Amino acid sequence: MQPEGHLALFQSERRRLAGLAYRMTGSVADTEDILQQAWIRFAAQPLAAIDTPPRYLGTLVARLCLDQIRSARARRERYVGAWLPDPLVHDTALDAEQSWIVAEDVGIALILTLDRLTPEMRAAFLLRDAFDYSFDEIAAVVGRSPATCRQLVSRARKRMAGADPGPAPSRAETAPLVAAFWHAARTGDMQALTALFAEDIEVHTDGGGKVPAAINVLRGRRRAVGLFAGLARKRPLPPPPLPPIRLINGAPGFVTREPGNVLQATALGIRAGKITAVWIVRNPDKLRHLRGDEAH
């Protein structure tokens with residue numbers, strides 16, 4: 001049996017560590033595996049030998065994440081179609097303290113931008129800007145000099161500029177748009193879809209090559225409208241009622257069962273009263289953490 005002191009310390013840091021691991025990997029399964037590995041290693045160390053346990057745990061998790069994403073890069077190059085992070089789905093009324101992960105700054109657009117950074121750049125940026133690590137501490141994690149880590153963070157900040165969409169619109173603003181999108185997309189109402197979509201909308205559909213999905217990211221209002229109108233022609237009418245609106249990585253959306261018994265998480269990026277992005281995760285490997293009763 002492990003000392004209670006280890007467990008209490010680890011549990012007090014768990015949400016913070018999960019937030020770091022998820023931002024690094026974009027995967028719920030990898031996050032859980034990394035936390036399990038971190039716990040095993042932490043529990044094996046005498047507490048008296050650790051100067052600052054929270055710092056020790058953060059460094060340990062960051063190193064495990066680096067190992068994971070370095071090994072995953074070759075697999076990512078062979079990934080079929082658009083890649084999206086595993087969706088974090090919450091009821092809109094859920095208290096953030098009940099969540100298993102720190103909910104802030106895990107937006108899909110942010111994770112996609114982080115994913116375009118090198119593993120070392122991503123680790124340096126997150127440890128510096130999100131977790132306030134010194135450059136000496138970052139150097140110990142990524143295996144570079146403090147001066148190099150400073151450069152990594154500077155380059156990452158430039159690439160991340162604009163990834164933060166700003167304050168999220170309120171539920172009162174987004175709920176009518178979600179409802180309108182549901183009806184227009186399910187009925188193929190091209191006029192309504194055109195009115196809802198921003199000119200530069202992007203539609204990402206992640207099937208991982210395991211279920212039907214668009215291979216490429218669709219950019220532009222015309223292509224997005226054509227996609228949903230085409231899908232609607234394959235569905236029976238009238239459409240089912242709007243499912244419960246969920247928060248998916250902080251964005252409004254819903255979880256559904258689609259034809260072929262395919263579980264699907266759909267999230268909407270909304271800005272200035274328009275839908276700017278539709279993120280659809282259909283890859284069953286990325287939805288295993290969702291409960292069956294979440295889908296409608």
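The values are calculated or read from the model by the stated rules, or taken from the named source; none is laboratory data. Please read these numbers as outputs of a predicted model, since none were measured by experiment. Glycine also receives a Cβ, built like all others from the backbone with ideal geometry; neighbour counts cover every protein chain displayed. Remember, those area values only see protein heavy atoms, side chains included, never the ligands or the DNA or RNA. Shrake-Rupley method; radii C 1.70, N 1.55, O 1.52, S 1.80 Å.
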Going by the structure shown, is Pro236 free of Cβ contacts under 8 Å to residues at least 12 places away in the same chain and farther than 20 Å from Gly209 by Cβ? yes
Among the residues of segment 232-254, the number that are open to solvent by 40 Å² or more (accessible area, probe 1.4 Å) and aliphatic (A, V, I, L, M) is 3
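Matching residues to (1) modelled with pLDDT under 95; (2) under 27 Å from Ser27 (Cα atoms):
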position	(1), (2)
His183	no, no
Ala192	no, no
Ile215	yes, yes
Arg219	no, yes
Leu237	yes, no
Arg257	yes, yes
Gly260	yes, yes
Arg271	yes, yes
Val281	no, yes
I'd like to check something: does segment 42-50 contain any residue that is under 26 Å from Thr118 (Cβ atoms), surrounded by 17 or more Cβ atoms within 10 Å (Cβ to Cβ) and either touching a helix residue (DSSP H, G or I) at 6+ places or on another chain (Cβ under 6 Å) or of a type outside the set (S, T, N, Q) (or both)? no
query: Does segment 72-85 contain at least one residue that is surrounded by fewer than 16 Cβ atoms within 10 Å (Cβ to Cβ), in contact with a Leu (Cβ under 9 Å, 6 or more places away or on another chain), modelled with pLDDT under 90 and of a type in the set (A, V, I, L, M)?
result: no
Counted residues in segment 196-221 being open to solvent by less than 60 Å² (accessible area, probe 1.4 Å) and either of a type in the set (A, V, I, L, M) or closer than 17 Å to Val262 by Cβ (or both) come to 15
Scanning segment 101-111 for residues that are modelled with pLDDT of 90 or more and either over 8 Å from the mean Cα position of the chain (by Cα) or open to solvent by 30 Å² or more (accessible area, probe 1.4 Å) (or both) gives Ala109, Leu110
Scanning segment 271-287 for residues that are of a type in the set (Lys, Arg) and not in a strand (DSSP E or B), the one most open to solvent (accessible area, probe 1.4 Å) turns out to be Arg282
Of the listed residues (Arg171, Arg186), the one being over 22 Å from Phe228 (Cβ atoms) and either open to solvent by less than 30 Å² (accessible area, probe 1.4 Å) or out of contact with any helix residue (DSSP H, G or I) (no Cβ under 6 Å at 6 or more places or on another chain) (or both) is Arg171
By residue number, the members of segment 255-264 that are farther than 14 Å from Trp182 by Cβ and crowded, with 17+ Cβ neighbours inside 10 Å are Val262, Leu263
Q) Looking at this structure, is Ala229 in a helix (DSSP H, G or I), open to solvent by 10 Å² or more (accessible area, probe 1.4 Å) and hydrophobic (A, V, I, L, M, F, W, C)? A) no
Within segment 15-41, residues being open to solvent by 70 Å² or more (accessible area, probe 1.4 Å) and under 16 Å from Pro54 (Cβ atoms) number 1
